[in-house]
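Structure first, commentary second.
The values are calculated or read from the model by the stated rules, or taken from the named source; none is laboratory data. Remember, predicted model here, so these are calculated numbers, not experimental data. As a convention, Cβ positions derive from the backbone with ideal geometry for all residues, glycine included, and neighbour counts pool all protein chains shown. Just the protein is used for accessible areas: all its heavy atoms, side chains included, with ligands, DNA and RNA removed. Shrake-Rupley method; radii C 1.70, N 1.55, O 1.52, S 1.80 Å.
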Amino acid sequence: MTSAILFIIFTTIGYLSGSVCSAVIVSHLFDLPDPRTEGSKNPGATNVLRLAGKNYAAIVLVADMLKGLVPVLLANLLFASPTVVSFTCLAAVMGHMYPVFFKFKGGKGVATTIGALLGLHFMLGIAVAATWLLVANFSRYSSLASIISLILMPLYAITMTHDLAV
């Protein structure tokens, strides 16, 4: 297959995977309030935590991470180029933020980003997740943890990948 076809296939898989709204599905399955209309009105793990507690938020968190991780691992397993794998990451996160199944209104994409990063470069994903956990633990603000983690992500990427062309 040509790289253009692989690009279209994997970015589509990534986007559609990201578009599956875990918070809405979990809330519906367990008869919880709809996170799009309650709390912060953000369909993500943090809002589910506020609305329903740790157990349900953990399910949403893991599902959101998996919908970023699985398409990236699939692209890697099928020997897609690094460019295709990177765009698959981006597509999964964009699918979470702008889901086709929910009128393009989604979450902030942090858990999906971490999942996708784990598939792209495992240690980069670990570093970003650890930063998020550390900042969230001390500040008690998920949004601050998200901002700091994603600001530091390029620095982590540069220091972890030694084969960058200058």
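For segment 91-128, applying the loop criterion from DSSP together with a ceiling of 15 other beta carbons within 10 Å to the chymotrypsin sites (Phe, Trp or Tyr not before Pro) yields Phe104. In the context of the full protein assembly, Ile9 retains an accessible surface of approximately 70 Å², using a probe radius of 1.4 Å and ignoring ligands and nucleic acids.
How high is the relative contact order of the chain, in percent, counting Cα pairs under 8 Å that sit 6 or more residues apart?
Working: 271 pairs, mean separation 38.8, N = 166.
For the chain, the relative contact order is 23 percent.
With semi-axes defined as the square roots of five times the eigenvalues of the C-alpha gyration tensor, the equivalent ellipsoid of segment 76-166 measures 22, 21, 10 Å, largest first.
Using the 1.4 Å probe convention, the accessible area of the chain works out to 57 Å² per residue with neighbouring protein chains retained.
Angle of helix 110-120 to the longest C-alpha principal axis of the chain, folded into 0 to 90 degrees and rounded to 10: 30°. Seen against the Cα atoms of the chain and their longest principal axis, helix 122-139 is set at about 30 degrees.
Count the net charge of all other residues whose Cβ sits under 15 Å from the Cβ of Asn42, scoring Lys and Arg as +1 and Asp and Glu as -1. Around Asn42, the charge tally is +3. Per-peptide packing, taken as the mean over residues of other Cβ atoms within 10 Å, places 62-68, 51-57 in the sequence 62-68, 51-57 from highest down.
Here is the P(r) of segment 1-66: all C-alpha pair distances, binned every 10 Å from 0, give 23, 42, 18, 13, 4 in whole percents.
State the percentage of accessible surface on the chain attributable to carbon and sulfur atoms; use a 1.4 Å probe and exclude ligands, DNA and RNA. Present the calculation step by step, with values, prior to reporting the outcome.
Working: 6930 of 9530 Å².
Result for the chain: 73 percent of the exposed heavy-atom area is carbon or sulfur.
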